[in-house]
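Visitor: Could you have a look at this structure, given as structure tokens, before my questions?
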Amino acid sequence: DKTALKRNPKTVKRIGRKLFKMSFEEIITGAARAKTPSRQIGQMFKNWLPKLKYPILPQEKFLKYKGVAILEGGDTSLMNFAKEELGYTRQKGLDLVMRVKNKFIIGESKLITAGGGTQDKSFREAISFIKDKNKNKKVIQIAILDGVIWLTSNSKNKKMVLYDTIQNLNNKEIALSVLLLEKFIKSQK
């Protein structure tokens, strides 16, 4: 999308700042790295979470914690916690369980690198997750989505179905980029 640079000046600035902090060798290494299949990218979200600087706590401490915290654990342990404590009913593991005061944010994270096949399936699963309402009023379900879903096209022939789906969500169906996660968390305090 050749217009993306003009439409996203803040993102361009942010990426530029990161590039200027890197050495030439780091930039070349990153640019030359082979594209990674999305299934291997999934763990990148978990590795990124500590950068939010919120404590990542085991279940016993997480339940007692009064501020903002992230529950420690893998997809299955997060799912089991959400089932036992928060009324989660799906049979799919979670990528995020977070406490913000007396609210809980549970989420799935997907990086959609292209349309079609398993990428579309992953996107549909994330949308289904946020549309499937939890009966517990203290639970907020979010889909953390990044990649091609945020691209639009001015051509009616190249209409981006994934982006259109996101645009048609209601205000209780929350899908956002990981870049906006911290801002979302602060809005819940």
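Visitor: What's the magnitude of the charge dipole for the chain around its Cα centre, counting Lys and Arg as +1 and Asp and Glu as -1 at the beta-carbon? Answer in Debye, nearest 20.
Guide: 780
Visitor: How tilted is helix 75-86 with respect to the longest principal axis of the chain? Cα atoms for both, answer in degrees (0 to 90, nearest 10).
Guide: Approximately 50 degrees, to the nearest ten.
Visitor: Given the whole protein assembly as supplied and a 1.4 Å probe, what does the accessible area of SER77 come to in Å², nearest 10?
Guide: Here the accessible area works out near 60 Å².
Visitor: Suppose all protein chains stay in the model; what accessible area per residue would a 1.4 Å probe give for the chain, in Å²?
Guide: With the other protein chains kept in place, the chain gives 66 Å² per residue.
Visitor: Another question, if that's okay. Could you sort GLU173, GLU125, GLU182 by their accessible area in this structure, using a 1.4 Å probe and putting the largest first?
Guide: GLU182, GLU125, GLU173
Visitor: Moving on. For GLY87, what charge total do you get from the other residues with a beta carbon under 13 Å from its beta carbon, if Lys and Arg give +1 and Asp and Glu give -1?
Guide: Its environment carries a net charge of +3.
Visitor: Something else: Per-residue ellipticity at 222 nm for the chain, helices alone: DSSP H runs ≥ 4 residues times -39500 (n - 2.57), over residue total, nearest 500 deg cm²/dmol?
Guide: Per the formula, -12500 deg cm²/dmol.
Visitor: From the cross-link list LYS21/LYS92; LYS13/LYS61; LYS6/LYS121; LYS110/LYS138; LYS10/LYS131, which pairs have alpha carbons spaced over 27 Å apart?
Guide: Table pairs above 27 Å Cα-Cα are LYS21/LYS92; LYS13/LYS61; LYS6/LYS121; LYS10/LYS131.
Visitor: Name the residues whose placed amide hydrogens come within less than 5 Å of the amide hydrogen of PHE104, ignoring near sequence neighbours (fewer than 5 apart) on the same chain.
Guide: VAL139, ILE140
Visitor: Another question, then. Go through LEU5, LEU162 and list them by solvent-accessible area, largest first, probe radius 1.4 Å.
Guide: Of LEU5, LEU162, the descending order of accessible area is LEU5, LEU162.
Visitor: Take LYS83, LYS10 and sort them by solvent-accessible surface of the protein heavy atoms, 1.4 Å probe, largest at the top.
Guide: Largest accessible area first, the list is LYS10, LYS83.
The values are calculated or read from the model by the stated rules, or taken from the named source; none is laboratory data. Here the structure is a predicted model, which means the values were calculated and not measured. All Cβ positions, even for glycine, are placed from backbone atoms using ideal geometry, and neighbour counts span all protein chains on display. Just so you know, the surface numbers come from the protein's heavy atoms only, side chains and all, with ligands and any DNA or RNA stripped out. Shrake-Rupley method; radii C 1.70, N 1.55, O 1.52, S 1.80 Å.
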